[in-house]
Structures are given as C-alpha cells and as structure tokens.
1. For region 108-129, name all the residues that are of a type in the set (A, V, I, L, M) and within 14 Å of the chain's Cα centre (by Cα).
2. Give just the number: which of (1) touching a helix residue (DSSP H, G or I) at 6+ places or on another chain (Cβ under 8 Å); (2) under 22 Å from Gln202 (Cβ atoms) does Phe270 not satisfy?
3. Counting just the residues of region 163-207 that are of a type in the set (Asp, Glu) and part of a loop (DSSP other than H, G, I, E, B), which one comes out modelled with the lowest pLDDT?
4. Can you give me the number of residues within region 219-241 that are modelled with pLDDT of 95 or more and open to solvent by 50 Å² or more (accessible area, probe 1.4 Å)?
5. Got a sec? Which helices (runs of 4 or more DSSP H) wholly within region 58-154 have at least 3 residues that are more than 28 Å from His246 (Cβ to Cβ)?
6. Which of the residues belonging to region 251-265 are open to solvent by less than 60 Å² (accessible area, probe 1.4 Å) and either among the basic types (Lys, Arg) or assigned to a loop (DSSP other than H, G, I, E, B) (or both)?
7. Of all residues in region 279-300 being assigned to a loop (DSSP other than H, G, I, E, B) and within 20 Å of the chain's Cα centre (by Cα), which is surrounded by the fewest Cβ atoms within 10 Å (Cβ to Cβ)?
8. Looking at (1) open to solvent by less than 10 Å² (accessible area, probe 1.4 Å); (2) farther than 26 Å from Asn164 by Cβ, can you tell me which one Asn55 breaks?
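The values are calculated or read from the model by the stated rules, or taken from the named source; none is laboratory data. Worth saying up front: this structure is predicted, and the values here are computed from it rather than measured. Cβ placement follows ideal geometry from the backbone for every residue including glycine, while neighbour counts extend to all protein chains displayed. Accessible surface is based on the protein model in full, side chains and every heavy atom, while ligands, DNA and RNA are left aside. Shrake-Rupley method; radii C 1.70, N 1.55, O 1.52, S 1.80 Å.
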Amino acid sequence: MEKPLNRFVFKMLLFIAPVLLFFEVLFRLGFAPIVTNSTLFDIKMLAVQKHHIKNVKLMAMGSSITLYELNSNIIVQNFNLPYYNFASWGLQIADMNRLLTDLVKTNKPKYVIVCSSLGDFTAPPNSSYLNYINTSNYIKDNFPEFFYFKNYNSIHQIIRRKFNTYPLVLDNWGGASLSGKLRNKNTGKGDGHDVFPTKYTQDNYQALDSLSAFLSEQKIEFIFVQAPVKKSDTGTDQYQNQLSAHFNKCKSIIEGNGGIYLNYYNTSIFTDSLFTDQYHLQTAGSVIFTKEIVADLKGVIK
C-alpha cells in the first residue's frame, strides 16, 4: 500500500512543481498576483513585504487625499518615528476601518493620521480588500505568490494589469506627488468622489465611529485631518451647509472617542491656484498643507 501511495505523491509533485515554478518566475519578472481590485493597494502591500516594513509608529492611511497631500519628506524631517503612508486611491472610511484594524495588529503604531475629504464618505466598502485582510500575516509577509491561487486570475489579466498600471512613483515612505489632474485607472473616475451626501454616507460615519473607538481602545492616538476644498466649488449656500454639517459630524465622532480633529478648510491659505481639482492639492499646496499639520502636531507626536 505504501509504494502506490508514494508513487501517487511523486506524480502529483511532478505535476505541481512546473506550475509553481512558472508562477514563481512570473512573480520574479514583476507580474504580481492580483490581490484586490485596486492596483495601487496591491503594489503598496508588495512594497511593504519586499522592504520588510514593520513596526510603523506613525501610520498614515486614507484615499488619494492622504497619498498625494501628506508630504513624506516634511513628515520624516520633523518626527523621529518610523513612518509609512498606506493610503490608496478610492478608499472609503469603511475600507480604512477594515484595513487599519488589520494593519494595527502587525505594526502597533502610536499614532494614526487620516487626511480626508467628502469623497471618503460616498461609496460602499470594497469587498476585495477582505481577500488581503483574511489572509494570515505569515503568508502576506513571506509568500505573496500564494495570491496567484487564492484569488485566481488568468495570465492574460495579470499581464494586462501590469502594462495598464497608472504611472505612479512612490517615495520611500509610500507617498506620491500630484502635479496634474488626477486620474484613477482603477475606477475610471477621480478617487471615487461623488455627489455628497449619498446613501452610503451614514454607513461611513458609523465606520469612522467604529474606527476611532477601536484606536482609542488600543491606546493609539487617532488624528483625523479635514483636507482643504477648492473655494470656487463651494459657492452655494447648500454646499456650504453640507460642508459645515460634515465637519461638525466628524469632529463630534473623533473627539467623542478621544481623538484629535484638525480642520484645514481655509480658502485664504489654500487658494484655487493650489488645487488640481475640487479636492486635490498640487505639490505646492501639499507642502503648505503638511507644514500646517506638522506645526499643529509638534506638541502631540513625540
């Protein structure tokens, strides 16, 4: 009985080995597995694995607001803590809630910064992130090739994604610069921003409350930053009322859970010339924005 079993196992290994070898070669050539439906998120998580980024004490999370507007050089020059920007296009607050709950367990940060705007409260959570979250940290850290099989996609899809990836240069801390109009290659629209409020807004408020309560329980300082908004796009009384209501809601949630709420909606400082669209600052604006944040957090982040 033992010999037939050994032969079966041997034949199975002969069959499986070339498949595993093929995907390993594919991985080494830069054709990464598709983990979620966000190309940028997958690229970032592979960078975290490749560079062994762990124990990030100052963690940034968010959508493209945090990705582009939080200047990494200014942050690391002013705060002597291990820092990384985990932000990705199109993340909603509900996504951040799920992802941060996972990332906090592995990094044990002292501070979490989320730079946000209205678009982070307009859509449902992206269920594909659960494919990453619900995988063991050991596999994520050591065998990302596993995702070729866990989230199977054809070779054609893998190759197509690589060559259709939106050109983006990340700095050593996961941030990026924005000099032209934002385009999101994953969704076909700029970072998921939509008419505000939507039927998903209340769910995202609830996710913000859940996230801030969780971070408070973990003894992590939660710093929620309201990013500037372009003045020429906020002219009507109705929109101004919506902005004020949103600011007050977020402030109440954050401070109610012991976090820090900062608001940089200031059209005198952040003039229209600093924006590339309604919500996103160009590089010059991001420098001003980050310096304002650093000045306000000097006595908080130590």
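1. The initial filter retains those residues of region 108-129 that are of a type in the set (A, V, I, L, M), namely 112-114, 118, 123.
Residues satisfying the conditions are Val112, Ile113, Val114.
2. Among (1) touching a helix residue (DSSP H, G or I) at 6+ places or on another chain (Cβ under 8 Å); (2) under 22 Å from Gln202 (Cβ atoms), the lone unmet condition for Phe270 is (2).
3. Let us first name the residues in region 163-207 that are of a type in the set (Asp, Glu), namely 171, 191, 194, 203.
Now narrow it down to the ones that are part of a loop (DSSP other than H, G, I, E, B): 171, 191, 194.
Details: Asp171: 94, Asp191: 44, Asp194: 47.
Restricting to residues being of a type in the set (Asp, Glu) and part of a loop (DSSP other than H, G, I, E, B), the top hit is Asp191.
4. 2
5. Working: elements: 64-69, 72-78, 93-107, 129-133, 137-142, 147-150.
Hits in region 58-154: 72-78, 93-107, 137-142, 147-150.
6. At the first step, the residues of region 251-265 found to be open to solvent by less than 60 Å² (accessible area, probe 1.4 Å) are 253-254, 257-262, 264-265.
Asn257, Gly258, Gly259, Tyr264, Tyr265 - these are the residues of region 251-265 that are open to solvent by less than 60 Å² (accessible area, probe 1.4 Å) and either among the basic types (Lys, Arg) or assigned to a loop (DSSP other than H, G, I, E, B) (or both).
7. So in region 279-300, the residues assigned to a loop (DSSP other than H, G, I, E, B) come out as 279-280, 282, 298-300.
Subsequent filtering for residues that are within 20 Å of the chain's Cα centre (by Cα) retains 279-280, 282.
Values: Tyr279: 24, His280: 27, Gln282: 19.
Among residues in region 279-300 that are assigned to a loop (DSSP other than H, G, I, E, B) and within 20 Å of the chain's Cα centre (by Cα), the one surrounded by the fewest Cβ atoms within 10 Å (Cβ to Cβ) is Gln282.
8. Checking Asn55 against (1) open to solvent by less than 10 Å² (accessible area, probe 1.4 Å); (2) farther than 26 Å from Asn164 by Cβ, the one that fails is (1).
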